[in-house]
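> Dumping the structure here so I can ask a few things about it.
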């Protein structure tokens with residue numbers, strides 16, 4: 001199922017060797033956090049520790065934490081949420097963070113988080129020894145490169161997180177350590193763009209969001225959205241993706257599916273009529289996009305929703321739009 005992931009885990013399993021055989025098996029692989037990024041006493045002495053932060057409530061809350069002087073902090077979003085990340089007076093990220101997104105803090109760095117929606121994160125506390133100091137003769141990255149790093153919809157990190165979550169009941173510490181090592185290697189090999197793309201300003205983004213909300217049921221082109229934002233198509237597309245993690249077309253499709261979910265849950269409207277009502281030309285196209293985004297067909301999603309079953313895939317949980325692994329954002 002996870003070809004690249006399995007290959008990485010197999011390699012690390014061999015490397016781990018006998019050093020983990022005594023302490024690795026039977027030990028708890030995943031720790032719950034009672035407070036954001038705070039581990040229980042006695043937990044976190046290993047070179048890699050993994051914990052989970054879940055807040056099912058919708059009330060806004062602010063949290064703060066400082067990464068230890070010898071550890072990097074890596075978080076992977078397990079579900080789509082809305083938050084703001086800041087350091088001192090600098091905003092690192094603000095807006096909707098899709099499932100599969102990843103952010104990194106270097107050692108000894110303070111980070112504040114304002115959560116404005118339910119959230120679920122997997123946290124990796126990884127020794128700095130896994131991230132070599134940058135040298136002019138290789139492509140290794142430095143702590144400055146990795147600090148305040150946000151990767152939107154990183155499919156590889158999402159697969160690693162799912163592998164651990166899906167096996168949480170049976171996974172031991174050795175398995176979790178291999179997951180953490182694979183993620184560390186993945187992050188350490190990032191190639192950073194030479195030219196930074198600025199995010200679409202909030203006031204322009206708000207205009208686009210309002211326009212899509214009012215016109216999602218009709219044909220909307222890239223030119224239409226660029227005109228609303230007051231930019232050329234090329235500049236708008238790049239800045240919109242940096243701000244949201246989505247291409248404009250992807251964002252429009254997600255909005256249509258969100259409205260379709262409301263109709264599926266609250267009405268008995270036939271699927272063909274719902275497809276037309278949210279802007280799709282055919283029921284077949286609607287069903288294809290709906291399943292791609294949610295992991296369920298519209299009919300099954302409707303049944304599960306009305307039966308109040310919990311196993312509904314989150315919007316953005318399975319991006320799979322164009323095969324690209326991630327979108328990278330950094331603060332200059």
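> Which of the residues belonging to segment 293-332 are modelled with pLDDT of 85 or more, surrounded by fewer than 17 Cβ atoms within 10 Å (Cβ to Cβ) and closer than 16 Å to residue 259 by Cα?
297, 299
> Filtering segment 19-56 down to residues that are at pLDDT 85 or above and either in contact with a helix residue (DSSP H, G or I) (Cβ under 6 Å, 6 or more places away or on another chain) or outside the structural domain of residue 120 (by TED's automatic domain parsing) (or both), which residue is surrounded by the fewest Cβ atoms within 10 Å (Cβ to Cβ)?
48
> Residues that are in contact with a helix residue (DSSP H, G or I) (Cβ under 9 Å, 6 or more places away or on another chain), buried (at least 19 other Cβ atoms within 10 Å of the Cβ) and in contact (Cβ under 8 Å) with a residue 40 or more places away in the chain: list the helices (runs of 4 or more DSSP H) wholly contained in segment 220-272 that include at least 2 such residues. Before the answer, list the steps.
Numbers: elements: 222-229, 233-244, 248-266.
Filter on segment 220-272 gives 233-244, 248-266.
> Residue 301 is checked against (1) in a helix (DSSP H, G or I); (2) within 21 Å of residue 214 (Cα to Cα) and fails just one. What number does that condition carry?
That leaves (2) as the condition not met.
> Here's another thing I want to ask about it. Which pairs turn up if I take residues in segment 42-63 that are over 25 Å from residue 169 (Cβ atoms) and look for partners that are at pLDDT 90 or above with beta carbon separation below 6 Å, at least 6 apart in sequence or on another chain?
These pairs meet every condition: 61/115; 62/114; 63/36; 63/113.
> With the condition kept exactly as written, say whether any residue in segment 130-149 is at pLDDT 90 or above and over 24 Å from residue 293 (Cα atoms). It would help to see each step written out before you state the result.
Start the filter on segment 130-149 by keeping residues that are at pLDDT 90 or above, which leaves none.
No - not one qualifying residue is present in segment 130-149.
> Continuing with the same structure: Without any contact (Cβ under 8 Å) to a residue 24 or more places away in the chain and either in the same structural domain as residue 30 (by TED's automatic domain parsing) or outside any helix (DSSP H, G or I) (or both): does that describe residue 158? Break it down into steps so the answer makes sense when it comes.
Numbers: without any contact (Cβ under 8 Å) to a residue 24 or more places away in the chain: no; either in the same structural domain as residue 30 (by TED's automatic domain parsing) or outside any helix (DSSP H, G or I) (or both): yes.
No.
The values are calculated or read from the model by the stated rules, or taken from the named source; none is laboratory data. Values in this document were obtained by computation on a predicted structure and should not be read as measured data. Note that we place each Cβ from the backbone using ideal geometry, even for glycine, and neighbour counts take in every protein chain shown.
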